[in-house]
Structures are given as structure tokens and as C-alpha cells.
Amino acid sequence: MTEQNIQPSEPKPQPVLDLTRAPMPNVKTLKARYNPFSQFGRFVAFNYRIMKMVVSSGH
Amino acid sequence: MANVVVLGAGIAGHTAALHLRRMLGRHHTVTVVSPNSNWNWIPSNIWVGVGKMPKTKVVFPLAPIYAKKGVDYRQAKAVAVYPQGDADDARGAVEIQYTGQDKAGQTEKIRYDYLVNATGPKLKFEATEGLGPDAGNTVSVCTADHAVEAAEKLAATIAKLKEGQPQTLVVGTGHGTCTCEGAAFEYTFNVDHELREAGVRDLATLYYLTNEAALGDFGVGGMIFNQGGFESTSELWTSSLFRERGVKPILGTHPHKITSSTITYETLDGEMHDLDYDFAMLLPPFGGHPIKAFDVAGNDITDQVFAPSGFMKVDADYTPKPYEEWRADDWPKTYQSVGYDNIWAVGIAFAPPHQISKPRKTPNGTVIAPAPPRTGMPSGLMAKIVAKTIVDRIQIGPKAVSHHVSMTEMGAVCVASAGTGLTRGSAAAMIMDPVVPDFTKYPTGRNLATTRGEIGLYGHWSKLMLHYLFIYKAKALPGWQLIPE
């Protein structure tokens, strides 16, 4: 996964991780990440999970 | 009457002190020894470090809170502990050196019946030549003051970009044994967010220089999630974010030397590299504070009480063994000191039995091993159970059973900011349950029903909510004890 990337602004090559095979989020996913309505639902679900974990571990 | 002394007033020490004071009658004393006059909500230093939050919103003075609650506060640092007492008194004692309260430099020996060591980390910038604010090359966000300086230097870098000068920015870990990669990850994406907001992202090259061998490791060996009917990994998920934002990751690194313009680092394959930079925020490795220990005759017993790293040895299994043989049971449960049943170490102050993430060595013998994180939620929880144990010892007697919680049982939440703003902010929100994987209990090491990782605007809302909740709790405002650790 490692390649030597040489760019004009970088005089010294760096062993930067090759990310070309990493999944690129599509427009729909990127929009969903900022949609306040769906994000509010996820906010509630995330905090519910935290509270469930807290209660079950006897915090 | 019992005297309880708490060393440190960070998340662990402050939590322990507040719970002890709440649960113990006023005829018992609770004394906090901390060299700092302020409490700092460290997770929000990230926002101070990009100039999005003033320092005043992440710190507040400790003295008024302790005065209100009846906690005896000494602005001092612990320099030595006498767990067996000394020639004058059989009770244990701590030698402290004042750093404030108009007594700076003065020393005093204070006696305790119960001692909680929650001294947190010593920031070991000296471990890498040229690392850290004092050397004048790289910045840090480990303290609020460091974060203020980071924000100033970042603003200067952005100003140069606005003038059309290309700049190279590096964020990451300044040593092969650093922990808190999550903080470096957060700062990386907050810097990226700021560069985009300033309209100069295309002129900037942003590197993430880390000791992790894989993205998404975070010092906990990465995570496996159930996502869309498949088992997905934190590596895949974070790689996607790096690709989307155009951040260049360099993995498995150990910086050897840093000058005002170049970071010289070694990678896991043993190769050496020079990276020229204009702005760099690199975290230091952590060590324990240099506290000595002496027996009743004054002989140095530091190596019996503390590990070579300076962290206190507790009820963990420290037997050296290969990575493959490490077990969940090796991790401590009561945090009671080795050999002394009235001393505990919580939060970063206890010596972990081993790394969670697999330690590696380069062909040159350089150790590149992310250290296990022990901050935030786990710190608070350990502090609370130790406070309960002490209260039971005082109220029931020395035979009272210790409360216990292991990092192999407790889950933790990590919300890594990726940019601020109520409508344009985002964060990677993660739940890892448990923090230390237990492969005897779960095939993937963690509970797939609760372990989660997502990115979105709601993550930013969650981080902001935690900011206000925990500052409210730390100020001991009405109902503070109802907010979980």
C-alpha cells in the first residue's frame, strides 16, 4: 500500500500511504452527513447507545 | 477521622476528589495536590488550537470549586512518597513542592491514610530532539497554553497561504511510543477544515505523520464494526476520510530529530526520511511524573512502586511475554498499588501491563509502539470506583471488598472532531466496547452490537454537548453527580 509520491512542491519524496483503493464517499453520502434531520436522528441514536452502555456497565 | 490525599486534578483526580467529598462526612479530609491552578477540558484544546474557541472556555480555576466543596487544595507537585511512613510517623506521607499560593518552591510533608495517584502524564518532549514548544520548532495542543500558541502559528501559516505562498503542514506523533493518536487525527481534520474555510486548501500540503502501523489504529489496535450487513474496519473508514479530504498519511514513523524546517524520521522498514515543513503540531510521548518512593528507613524503593516508565504499578500482570500471549486478564481491576493497600493509581498514572496495539521494531531496533490510551471516560470511571473503595474502607473497615472495573470490561466513547460549526462541522464518533479487546469473550475482541464508528454533523453536536456537560460536572454545579463519567 506504500508508494513514493513525488510532487513539484515536495523536493523530498515521502512514503505516503496509497489511498487510491480507499472508498470515496459519493455525493449522496456526503450530503447525508450534513442533513440536519437525518443527523438529528443519528445524534439521538448515538447518545441512546452511550447511555445504554453506561447503564449496563454501572457507571 | 481519615485523611485522603489525591495527587492530580485532571479528569481522574478531580473526579475522585469530588466523589470522595460527596460521599465522606466533613470530619474526614480530602486534600488535592496539583501543580496547576486551573482545570482544563483537554478534548476541546483541539478547537483552541485552530482558533475556534478561546482558552477561557476550556479552563476554570480550581481553588473556588474546592473552597466551596470543602476540599483542601494545595497548588503543588508531589516529589516523593513514603508509603511506610517515616521515623516521625507511621502513617504514609507525600512530600510536595508548592508551585503557587504564594509558597512557590517551599516543600512540605503531608500525611495520608489513603492516597490516590492521578498525576496524569509528564509530557516528554525531550524524548525527541527539537520536539515541542520549548524547542521552538513544533507546536502542541496538550495544554490550553500550547493550544493558544498553535492557533497563532496556524493563523500565520494561513496568512502566508493567502499571500499565495505554498505551505507544508504536518500533524501527528512526535515519537514512536506516543499515545492519543485520536487527538492528532482530530487536529489534522480541524486544520484541514480551517484551510478550506480560508479558501487556501489547494495551496497547502497536509501530512498526517503517525506511529500507527495502519490508519484507524488509534493505539487500540483498530476496531471492527458491523456496517450494512458486513464487518467493516476502522482502517477502511478512516482511509476513506483521508482520501476524501486529501490528507497524506505517513504510517509507522518515529521522528528522530526536528529542526525549524525539517523532521527527520524513521519508518518501520528502517528507512530514514527528511520532511520539510512550515507548520507542525506533533504530540509528545507520555511518561509518569518523576516521583520518588522511600521506605521507613529512607531507602529508595522507587523501582518497587513505579514502573521504569514512571507510572505506578498496580494489580496488573506485568510478567513479560510475547504480544500473542497477552490476555484481557492482565489488565488491572482495582488499581490498588503493588504492596500497599491504601494507595491507588488511576487514569494515565497507572502502568499498563502492555500495549493494546501491536508493538513493532524497525530493522535498526527502533521501537514503534503506540501506547494504550487511558484518558477520558476510562479515567473518570476508574477514579469513581477507587473513591467508592476508599469510602467503604473508611465506613465498613479494612475488610471491605474493593470495587472493580477493568478496561477489558468498560466501553468508551471517542468523538474526534473533524471541523467545527453547528451546520458545517463534523466529527468521527466512535464507541469501542470494551476499550481493551477481550478475544476470549468476543471473536473480534469487541462487542459488535455496541462498537460503532460513523462520521457526520451529529458527531460535532455530540462533542459540543460533551464539552458543556463535562465542564458543568467539573464545576460541581447542582446535580453534577448525575452526569456519568
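The values are calculated or read from the model by the stated rules, or taken from the named source; none is laboratory data. Treat the numbers as computed from the prediction; the structure is a model and nothing was measured. Here the Cβ positions follow ideal geometry from the backbone for every residue, glycine too, while neighbour counts run over all protein chains shown. To get the accessible areas, we keep the full protein, side chains included, count just its heavy atoms, and leave off ligands, DNA and RNA. Shrake-Rupley method; radii C 1.70, N 1.55, O 1.52, S 1.80 Å.
Details
- Anisotropy class assigned to segment B:80-166 is prolate, per the alpha carbon gyration tensor with a/c at or over the 1.5 cut-off and a/b larger than b/c.
- Protection-proxy order for peptides B:58-67, B:36-45, B:373-382, each taking the mean of Cβ atoms within 10 Å per residue, highest first: B:373-382, B:36-45, B:58-67
- Between the amide H of residue B:232 and those of B:225, B:226, B:227, distances stay under 5 Å, these residues lying 5 or more places away or on another chain, with hydrogens modeled in the peptide plane.
- Total formal charge among the other residues, if their Cβ is under 14 angstrom from that of residue B:70, Lys/Arg +1 and Asp/Glu -1: +4
- Taking only alpha carbon atoms, segment B:117-176 gives an Rg to Rh ratio of 1.05, where Rh is the Kirkwood radius.
- Test item: B:452-464 mean partner chain Cβ contacts at 10 Å: 5
- The mean sequence separation of alpha-carbon pairs under 8 Å and at least six residues apart, normalised by the residue count of segment B:5-56, gives a relative contact order of 38 percent.
- Under the Karplus curve 6.51 cos²θ - 1.76 cosθ + 1.60, θ = phi - 60°, whole-Hz ³J(HN,Hα) for segment B:282-289, x wherever Gly or Pro sits: 10, 6, x, x, 9, x, x, 6
- Peptide B:238-246 has a mean of 4 when you count, residue by residue, the C-beta atoms of other protein chains within 10 Å of its C-beta.
- Restricting segment B:378-455 to trypsin sites (Lys or Arg not before Pro) that sit in a DSSP loop and have at most 11 other Cβ atoms within 10 Å of their own Cβ leaves B:399.
- This model, with +1 at the C-beta of Lys and Arg and -1 at the C-beta of Asp and Glu, gives the protein assembly as shown a dipole about its Cα centre of some 2040 debye.
- Where GluC sites (Glu not before Pro) fall in DSSP loop in segment B:109-215, at most 14 other Cβ within 10 Å: B:163
- Chain B, helix-only ellipticity at 222 nm - DSSP H runs n ≥ 4, -39,500 (n - 2.57), divided by all residues, nearest 500: -7500 deg cm²/dmol
- Globularity index of chain B, i.e. its alpha-carbon radius of gyration over 2.2 N^0.38 Å: 0.97
- Counting Cβ atoms of other protein chains within 10 Å of each residue's Cβ and taking the mean over peptide A:28-37 gives 3.
- Protection-proxy order for peptides B:410-416, B:290-296, B:97-103, each taking the mean of Cβ atoms within 10 Å per residue, highest first: B:410-416, B:290-296, B:97-103
- Taking a sphere under 14 Å around the Cβ of residue B:459 and counting the other residues whose Cβ falls inside, with K and R at +1 and D and E at -1, yields a net charge of +4.
- Separation of alpha-carbon centers, segment B:139-185 and segment B:35-79, rounded to whole Å: 22
- Area buried, chain A against chain B - accessible surface, total, 1.4 angstrom probe, square angstrom: 3700
- DSSP beta bridges fully contained in chain B are about 55 percent antiparallel.
- Cα-Cα P(r), the protein assembly as shown, percent of pairs per 10 Å interval: 4, 18, 29, 27, 16, 5, 1, 0
- Computed in the context of the full set of protein chains, the accessible area of the protein assembly as shown at 1.4 Å probe radius has 55% of its extent on carbon or sulfur.
- Backbone HN-Hα couplings from phi across segment B:140-152 [Karplus 6.51/-1.76/1.60, Hz, Gly and Pro as x]: 9, 10, 6, 10, 4, 5, 4, 5, 4, 5, 4, 5, 5
- Averaged over its residues, the protein assembly as shown has an accessible area of 40 Å² per residue, based on protein heavy atoms and a 1.4 Å probe.
- For segment B:31-37, the Karplus equation 6.51 cos²θ - 1.76 cosθ + 1.60, evaluated at θ = phi - 60°, returns couplings of 10, 10, 10, 9, x, 9, 8 Hz by residue, with Gly and Pro reported as x.
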